[in-house]
Structure formats: structure tokens, C-alpha cells
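The block underneath contains the structure these notes are about, expressed in C-alpha cells.
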Amino acid sequence: MKFIKSLYFGRRLFIATGVAVLLFVLSFSWPVLFPLGQLALVTLIVAVLVDTLLIYRQKTGVHGSHLLPEKFSNGDENEVTIYIENKYGFPVGVTIIDEVPEQFQLRNFSISGQIASSETKVLTYQLRPIKRGEYNFGALNVYVQSKIGLIERRYRFDQDKMVRVYPSFLQMRK
């Protein structure tokens with residue numbers, strides 16, 4: 001069941017499937033395209049299997065975490081740091097979706113990039129709270145894909161962390 005929950009289809013898979021279907025549809029008018037459609041379908045199936053094996057052959061191919069400060073300063077820019085470590089033997093493409101607290105109303109927050117083999121990347125972003133209280137961070141979702149890019153695997157890290165927001169202590173120090 002974990003396998004199914006972490007498996008996602010990439011954009012390239014849908015494009016390649018569309019091309020194969022288009023070849024089959026066009027083969028009704030031009031029968032010479034039917035063998036090309038069959039070849040495209042077989043190639044697509046093999047590529048999906050290879051891509052799935054590449055992404056799922058390691059139990060934990062990527063490790064991630066976020067480093068949150070003990071408290072946020074209200075009305076000031078506060079830094080959130082994300083660490084992503086690639087444990088695969090090849091470079092991977094990653095899309096990071098951090099479930100930021102609902103108070104920020106960031107519904108489409110994501111960071112994309114490449115991570116080389118055995119590399120650790122440090123990413124930072126700023127959040128500016130405008131209300132005091134407790135801010136609950138959800139999971140850090142990391143979607144990984146190989147160079148083939150047909151299949152994506154989701155990893156979830158650091159679920160349910162809480163940060164308190166206090167009056168602007170950064171301004172008070174100045």
C-alpha cells in the first residue's frame with residue numbers, strides 16, 4: 001500500500017501516452033502507422049518499468065528535513081531552512097512542497113530543482129507572520145524523478161512541527 005501512495009505519474013508519461021494513442025488513432029486512416037503505434041506503446045511500457053525500478057530500488061533514496069527557529073518574530077521576515085540529501089547513485093529532479101501553516105495562505109508553494117548524486121542541498125525561504133499564536137507546519141513533501149521523468153516518488157518528512165509567533169522581538173533588539 002505504501003508503494004501505491006508514493007507513486008505519481010509525471011507529465012512526460014501523459015505526453016508519451018498521448019503520442020502513442022494518437023499514432024493508433026491515425027493508423028485507422030494510414031495503416032502504416034499501426035506498427036509505429038505498437039512500437040511506441042512497447043517502448044513506453046519498458047521505459048515506465050525501468051523508471052519505476054530506478055526510483056524504487058532504494059528504500060530511502062532521499063532524506064529531507066526542515067530547520068525551523070524556536071520562535072517567529074511577528075511582522076518580520078523569518079527564515080525557514082530545508083535540507084535535502086540525495087542518496088541515489090544518479091542525479092534526480094526534485095519538487096519540494098512544504099506544507100506551510102494555513103495562516104500564510106500559501107496554497108501553491110513549491111521549490112523545484114536538481115540534486116546531484118550524494119549531494120546535500122540547503123534551501124531557504126522567508127515567511128512573514130502577521131498574527132501572534134501557534135503556527136503548525138505540515139509535512140515536507142519531496143517528489144523525486146529520474147532523468148527519464150515518467151514516474152515520480154513522494155517522500156514525506158517532518159510532519160506536524162509547531163512554531164510560536166511572538167511580538168516583534170527582532171525590532172525590540174534594535
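Tabulated values for the structure
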| item | result |
| --- | --- |
| Accessible area of the stretch 1-112 belonging to carbon and sulfur atoms, whole % at 1.4 Å probe | 66 |
| Folded to 0 to 90 degrees: helix 34-56 orientation relative to the chain principal axis, Cα | 30 |
| Largest to smallest accessible area among R12, R153, R107, R57 [probe 1.4 Å] | R107, R57, R12, R153 |
| Two-decimal ratio, the stretch 69-174, of alpha-carbon radius of gyration to 2.2 N^0.38 Å | 1.23 |
| Cα-based helix-to-principal-axis angle, 11-26 vs the chain, degrees rounded to 10 | 20 |
| Solvent-accessible heavy-atom area per residue, rounded to whole Å², over the chain at 1.4 Å | 62 |
| Protein-only accessible surface order, largest first, of I55, I4 at 1.4 Å | I4, I55 |
| Heavy-atom accessible area order for K121, K5, largest first, 1.4 Å probe | K5, K121 |
| Helix-only mean residue ellipticity at 222 nm for the chain, each DSSP H run of n ≥ 4 adding -39500 (n - 2.57), per residue, nearest 500 | -9000 deg cm²/dmol |
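The values are calculated or read from the model by the stated rules, or taken from the named source; none is laboratory data. From a predicted model like this one, the values you see are computed outputs, not experimental measurements. For the accessible areas, the whole protein counts, side chains as well, though only heavy atoms, and no ligand, DNA or RNA atoms are used. Shrake-Rupley method; radii C 1.70, N 1.55, O 1.52, S 1.80 Å.
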